[in-house]
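What follows is one structure encoded as structure tokens, with my remarks underneath.
A short reminder: the numbers here are calculations on the coordinates, not readings from a lab. Since the model is a prediction, treat every value here as computed from it, not as a measurement. Backbone-built Cβ (ideal geometry, glycine too); neighbour counts: all protein chains shown.
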Amino acid sequence: MEWIVLLLLGAIVGLLAGLFGIGGGLILVPTLTFLLPKFNITTSEQALPVAIATALATVVVTGLSAAITQIKQKKVDWHSVHSLTPGLIIGGVTGALLTSMLPVTLLGISFGVLEILIAAYMFYGKQPQQHVRKPSAIASGLFGWFSGTLSSVIGIGGGTINTPWLVWHHHQLASAIATSSVLGVVIALSGTLTHLSSHLIQWPIAIALVSTSLLTAPVGATLTHKLPTKSLKRNFALLLIMLGIMMLIKFNPF
């Protein structure tokens, strides 16, 4: 029964990822945090860091699939990839280390707050306006570290952070999304490799999730052109807000 639930969860996450162009960590982490103890896979204390590390591992595979598609379509801006990658790698490692080191209560509250902020941006936020053509090397390095750290510590690929930055720096939206898909693999891979030493990743769960998400993600991408994605995206943002609130309630120290 547990594995059927995980396969269904992977299918849902893949569908939503394809439909809205975001990774599944924002759904996977809170859901796995509640499910893993019930499945007797891990303790309640370790459920959140295990969920984050496992979700990040799934991003490596699903993100790589999306990145390969974007590379084939020749929409990736490799200059931005090269300038941001060093900071993203350091940030990915930093975030993974923080996942293992931070108190679980602080980690849970931080995740809940960040999920609500990301969801609020999805609900209310407008596409950023193009502003400056090229960031400095220092700005790229600092932003890469910030994005990598924040994404890795909550188990996401960072598309909701990286795409607005790229558009702000004079990328067309299609190029920004394509480039962000490659950047997400960099973050997830550096974070996942760091997690190998902490033994937090539940590989059977990651494989189960990926096996169905890879099948449904292309379906979601196809439905993007047939469904009213603007209203659906707002409903999805409301779901994320609910999950964020649930995390805040669960990890409330008082």
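Each residue of the range 31-41 was assigned a 3J(HN,Hα) from its phi angle through the Karplus curve 6.51 cos²θ - 1.76 cosθ + 1.60 (θ = phi - 60°); the sequence is 5, 5, 4, 7, 7, 4, x, 5, 8, 6, 8 Hz, with glycine and proline shown as x. Only aspartates and glutamates eight or more places from Lys250 in sequence, or on another chain, were considered; those with a Cα closer than 17 Å are Glu45, Glu115.
Computed on the chain, with alpha-carbon pairs under 8 angstrom and 6+ residues apart, the relative contact order is 39 percent.
For an R0 of 30 angstrom, estimate the FRET efficiency from the Cβ-Cβ distance between Lys75 and Tyr124 and round to the nearest 0.05. Intermediate results must be reported in sequence, preceding the final value.
Working: r = 27 Å, r/R0 = 0.91.
Using R0 = 30 Å, I get an efficiency of 0.65.
Rounded to the nearest 500, the 222 nm mean residue ellipticity of the chain from helices alone is -27500 deg cm²/dmol, with -39,500 (n - 2.57) taken per DSSP H run of at least 4 residues.
Taking 0.36 nm per residue of separation and subtracting the Cα-Cα distance, full extension of the segment from Ser197 to Thr222 would add 5.2 nm.
Which residue, Leu243, Leu215, Leu227, has the most motion in a Gaussian network model of the chain that connects Cα atoms within less than 10 Å? Result for the chain, Cα springs under 10 Å: Leu227 fluctuates most.
The distance from the alpha carbon centre of the range 237-253 to that of the range 46-87 is 25 Å, rounded to a whole number.
I'd like the projected area of the range 77-208, averaged over all directions, using the convex hull of its alpha carbons. Report it in nm² with one decimal.
8.5 nm²
Charging the Cβ of each Asp and Glu at -1 and of each Lys and Arg at +1, and nothing else, the dipole of the range 2-250 about its Cα centre rounds to 740 debye. Under 18 Å between alpha carbons, and skipping anything fewer than 8 positions from Lys75 in its own chain: which aspartates and glutamates qualify? The qualifying aspartates and glutamates are none; the list is empty. Per-residue Karplus couplings for the range 158-165, computed as 6.51 cos²θ - 1.76 cosθ + 1.60 with θ equal to phi - 60°, are listed in order as x, x, 6, 9, 6, 4, x, 4 Hz, Gly and Pro entered as x. Springs join every pair of Cα atoms under 10 Å in this Gaussian network model of the chain, and among Leu106, Leu97, Leu209 the largest mean-square fluctuation is at Leu106. For the chain, the longest piece that avoids every one of the trypsin sites (Lys or Arg not before Pro) found in DSSP loops with at most 14 other C-beta atoms within 10 Å covers 134-225. Inverting the pair-averaged 1/r between distinct Cα atoms of the chain gives 17.9 Å as its Kirkwood hydrodynamic radius.
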